[in-house]
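**Student:** Mind having a look at this structure? Questions to follow.
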Amino acid sequence: MSCKKCLDKVMDTYPSKVKKNREKHMLIKDPDETQEIQANTRAIPGIITNRGCAYAGCKGVVIGPLRDMVHIVHGPVGCSYYAWGTRRNKAKTKGDEKNFINYCFTTDMQESDIVFGGEKKLREAIREAVELFNPAAITISATCPVGLIGDDIKAIAAEAEIEHGIQVLAFDCEGYKGVSQSAGHHIANNILMRDVIGTGERVEPPKYSVNILGEYNIGGDGWEISRILNKIGYDIVSIMTGDGTYEELKNTHNANLNVVQCHRSINYISEMLETKYGTPWLKVNFIGVNETIKTLRNMAEYFGDQELIDRTEEVIAEELSEIEEPLETYKKMCEGKTAFLYVGGSRAHHYQGLLKEIGIETVMAGYEFGHRDDYEGRDVIPYIKLDADTRNIPDLHVEKDEKQYRLYLPESKLEALKEKMPLGQYDGLIKEMKDGTIVIDDLNHYETEMLLKALKPDIFCSGIKDKFISQKMGIFSKQLHSYDYSGPYAGFKGAVIFAKDVSAGINTPTWSHITPPWKKEPIIEGEINEGVIPC
Ligand code: CFM
């Protein structure tokens, strides 16, 4: 069945209002048109979406990985458990510094706290955390009930700063604050930008100093990226935020280049850093061999020294010599297969190159919570209409810091480089897709099931919430959020680990032995009418 026919049939099952909404969130790649997609709008109530909440984006993604801070979640214990850093972020302690990544700090709100207020409990939790752990700083994340009952976490944080003499940051990231976790990224990053970044001493950074922005060390990706960069000779000032620290974050203004991996979660911070401190940002992608090589070459060209350019080529050659053979072996096992990629806000794009390198074509891709620029490219940003949900998130406005602003490269050189590499720029996912393939935003469980049935990919790359749909259908699922606790997948060596995991998953005979539970015994009473299955 053609993609068009398939999408039409999926749509036919929807009531007209839902159909009208969902149609705008999907398209079939047509190179002859400038294609627009609706994104970052509310999911339809009742539809099983894979999105998370603002709290998940703030505490779970952005601030949670900062290992030397105590992150207190003000709310019921379930929220705390859900965003517990250890669910997949990794962090190593260096020297005698503190590392709290394994802990889950919560005020464990109960019914009585909801009725009488939870502020007292929060004050006590902060005191207890300071007494027991003596952290460099503390964060407080608000969950939905906190916003509903009106506990003033900002006032408590301000009092606690005076009482304990350390920074206490309050994040109004109640789950309902936005349409997805993307709102939480924004809330978290704004406060880190306003209150932490730049509070360290301004020093002349080492020449090849960089910050890695939007890298969360899933499966150890950040470590593998750091290994390669250190091998070439770069100094990493700060990582936002995978295996990052509060202490390093304070010095983020002391770097000569910001490299941005996940633009979705952090593009506005990279812009602000450039406006305030003059540090340019380069869009990079460390997923896939060719993308990693391109990234390393762009970085070397930005700094422009022959010595660095030569060292980069040396490291590329060395790393390639170790991976070419195994990669070829895995490619033979995967050649000609097809994939669905449905991940967060940037990975559905970043992984397409790596899949291609092992012979797998992406036939459907989409983001849970990407914005239009993640699909259509950064140029579209001025044309995105801001809705009430977006306006709800406080905007941070920064200006040039006259004392700390410094240009590493003259503006004319920077402009010339922009012609050659994605400095301050990124393309969207649509451009990457093959003609005639499907792009869908906020794919729901019903659509997932129907498309899997119709297009029968060999691998479905997604997350914990939707993986079971494909597994029960006998289609290999590879989680690209947690990596199914494998990884790293970044860089050269990571590409081989990914290829090995994918080859094993696709080629295992397990899938042919699966009988979905609904084929053994009907889950609900009544007739199963195959006629309603559209694809
Ligand atoms: Fe960026 Fe992420 Fe992603 Fe994201 Fe995420 Fe994630 Fe993701 Mo899961 S910050 S947008 S909110 S790369 S948690 S580390 S894997 S959905 S594609």
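**Student:** Nearest 5 percent is fine: what portion of the DSSP beta bridges confined to the chain is antiparallel?
**Tutor:** Counting DSSP beta bridges with both partners in the chain, the antiparallel share is about 10 percent.
**Student:** Normalising by the residue count of the chain, find the relative contact order in percent from Cα pairs under 8 Å and 6+ residues apart.
**Tutor:** Averaging sequence separation for qualifying contacts and normalising by length gives 18 percent for the chain.
**Student:** Something else: When a/c reaches 1.5 or more, the comparison of a/b and b/c decides; with that in mind, is the stretch 147-208 rounded, prolate or oblate per its Cα gyration tensor?
**Tutor:** Taking the square roots of the gyration eigenvalues as a ≥ b ≥ c, the stretch 147-208 is oblate.
**Student:** What does the C-alpha gyration tensor say about the overall shape of the stretch 305-365? Classify as rounded when a/c is under 1.5, otherwise prolate if a/b is larger than b/c, or oblate.
**Tutor:** Here the stretch 305-365 falls in the oblate category.
**Student:** If you don't mind, another one. Provide the packing ranking of 374-386, 404-416, 440-452, i.e. peptides ordered by the mean count of other C-beta atoms within 10 Å per residue, highest first.
**Tutor:** Order by mean packing, descending: 440-452, 374-386, 404-416.
**Student:** While we're on this one: Amide H neighbours of Thr106 under 5 Å, counting only residues 5+ apart in sequence or on other chains, H built in-plane at 1.01 Å?
**Tutor:** Val73
**Student:** Across the stretch 251-256, in residue order, what do the Karplus-derived ³J(HN,Hα) couplings come to in whole Hz, using 6.51 cos²θ - 1.76 cosθ + 1.60 with θ = phi - 60° and x for Gly and Pro?
**Tutor:** Couplings: 9, 4, 6, 9, 9, 9 Hz.
**Student:** Going highest first, how would you order 338-351, 314-327 by mean Cβ packing within 10 Å?
**Tutor:** Packing order, densest peptide first, comes out as 338-351, 314-327.
**Student:** Would you compute, from DSSP H runs of 4+ residues alone, the mean residue ellipticity of the chain at 222 nm, taking -39500 (n - 2.57) per run and dividing by the full residue count, rounded to the nearest 500?
**Tutor:** Theoretical 222 nm ellipticity from helices: -12000 deg cm²/dmol.
**Student:** Moving on. Net charge within 11 Å of Ile497 by Cβ-Cβ distance, Lys/Arg positive one each and Asp/Glu negative one each, not counting Ile497 itself?
**Tutor:** Once all neighbours under 11 Å are counted, the net charge is -1.
**Student:** Further, regarding this structure: Would you work out which of Phe303, Gly288, Met364 lies farthest towards the positive end of the dipole of the stretch 259-364? Charges go on Cβ: Lys and Arg +1, Asp and Glu -1.
**Tutor:** Value computed over the given set: Met364.
**Student:** Moving on to the next point. What is the dipole size for the chain, taken about its Cα centre, with +1 at each Lys and Arg Cβ and -1 at each Asp and Glu Cβ, in debye to the nearest 20?
**Tutor:** So the magnitude is around 1000 debye.
**Student:** Quick one: grab the alpha carbon gyration tensor of the stretch 196-264, order the square roots of its eigenvalues as a ≥ b ≥ c, and give me rounded if a/c is under 1.5, else prolate or oblate depending on whether a/b is larger than b/c.
**Tutor:** Oblate is the answer for the stretch 196-264, as a/c is 1.5 or above yet b/c matches or exceeds a/b.
**Student:** Could you pull out every residue, at least 5 positions away or on a different chain, whose amide H is within less than 5 Å of the one on Thr241? Hs are placed 1.01 Å off N in the peptide plane, and Pro or chain starts have none.
**Tutor:** Gly214, Glu215
**Student:** Just order 16-22, 231-237 by mean Cβ neighbour count inside 10 Å, highest at the front, would you?
**Tutor:** Put in order of decreasing packing, that is 231-237, 16-22.
**Student:** Pairs of Cα atoms under 8 Å, at least six residues apart: use those to get the relative contact order of the stretch 266-351, whole percent.
**Tutor:** Here the relative contact order equals 20 percent.
**Student:** Over the Cα atoms of the chain, Rg to Rh with Kirkwood Rh, two decimal places?
**Tutor:** 0.97
Bear in mind these aren't lab numbers, they're just calculated from the coordinates by the rules spelled out. From a predicted model like this one, the values you see are computed outputs, not experimental measurements. Quick reminder, even Gly has a Cβ in these numbers, built from the backbone with ideal geometry, and neighbours come from all protein chains shown.
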